[in-house]
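*Asks:* Sharing a structure, written as structure tokens. Questions coming.
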Amino acid sequence: MKFILDNWMLLSVAIASGGMLMWPLVAGATAGGIGSAAAVQLINRDRAVVVDVSETEEFAAGHVGGAKNVPLGQLEQRLPEVVKNKTVPLILVCASGARANRALATAKKLGYEQAQVLAGGLKSWKEANLPVEKS
């Protein structure tokens, strides 16, 4: 007990630095993104629909095979006509994952409860050496 009282400042610094080291793990776990391998399993097993929220030009330059393009600005209007079945798993993709994370809130609001984001976006898909189509 004497050690704790004599070194309370060192202990608080150790706890704070440990918390800062753990923060990325905690923040990453709540981000809701799935990895490329998990996305492939969802596509193959559960017939997940891949929706690319990139702009049309980006989509034409390269996208996940079989993905449907619905730019982020048009998502709220066009998603219900592109993906009619709201119970099917939905994987949202963009170049890096940032726009897809914003699109996730819109998809959930529209009733797509199984919507998920591809963590790292198309970049992580390419890094996993998975096929990319061009239009």
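Conditions tested, residue by residue: (1) modelled with pLDDT of 95 or more; (2) assigned by TED's automatic domain parsing to the domain that holds Lys123; (3) under 23 Å from Ser135 (Cβ atoms); (4) surrounded by 13 or more Cβ atoms within 10 Å (Cβ to Cβ).
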| residue | (1), (2), (3), (4) |
| --- | --- |
| Leu10 | no, no, no, no |
| Ile15 | no, no, no, no |
| Ala38 | no, yes, no, yes |
| Val49 | yes, yes, yes, yes |
| Glu57 | yes, yes, yes, no |
| Leu79 | yes, yes, yes, yes |
| Leu90 | yes, yes, yes, yes |
| Ser96 | no, yes, yes, yes |
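*Asks:* Restricting attention to the stretch 98-135, which residues are on the phi > 0 side of the Ramachandran plot and not in a loop (DSSP other than H, G, I, E, B)?
*Replies:* The first filter runs over the stretch 98-135 and keeps only residues on the phi > 0 side of the Ramachandran plot, leaving 111, 120-121, 129.
Gly121 - this is the single residue of the stretch 98-135 that is on the phi > 0 side of the Ramachandran plot and not in a loop (DSSP other than H, G, I, E, B).
*Asks:* Provide a single number: the residues in the stretch 41-69 that are in a helix (DSSP H, G or I) and closer than 11 Å to Leu122 by Cβ. Quick ask: steps written out before the conclusion?
*Replies:* Restricting attention to the stretch 41-69, the residues satisfying the condition of being in a helix (DSSP H, G or I) are 41-46, 56-61.
With the extra rule that they be closer than 11 Å to Leu122 by Cβ, the set shrinks to 58-59, 61.
Total satisfying the criteria: 3.
*Asks:* I've got another one for you. Among (1) out of contact with any Phe, Trp or Tyr (no Cβ under 8 Å at 6 or more places or on another chain); (2) over 15 Å from Ser36 (Cα atoms); (3) not in a loop (DSSP other than H, G, I, E, B), which single condition is Leu79 missing?
*Replies:* (1)
The values are calculated or read from the model by the stated rules, or taken from the named source; none is laboratory data. Computed from a predicted structure; not experimentally measured. In this analysis, Cβ positions are derived from the backbone assuming ideal geometry, glycine residues included, and neighbour counts consider all displayed protein chains.
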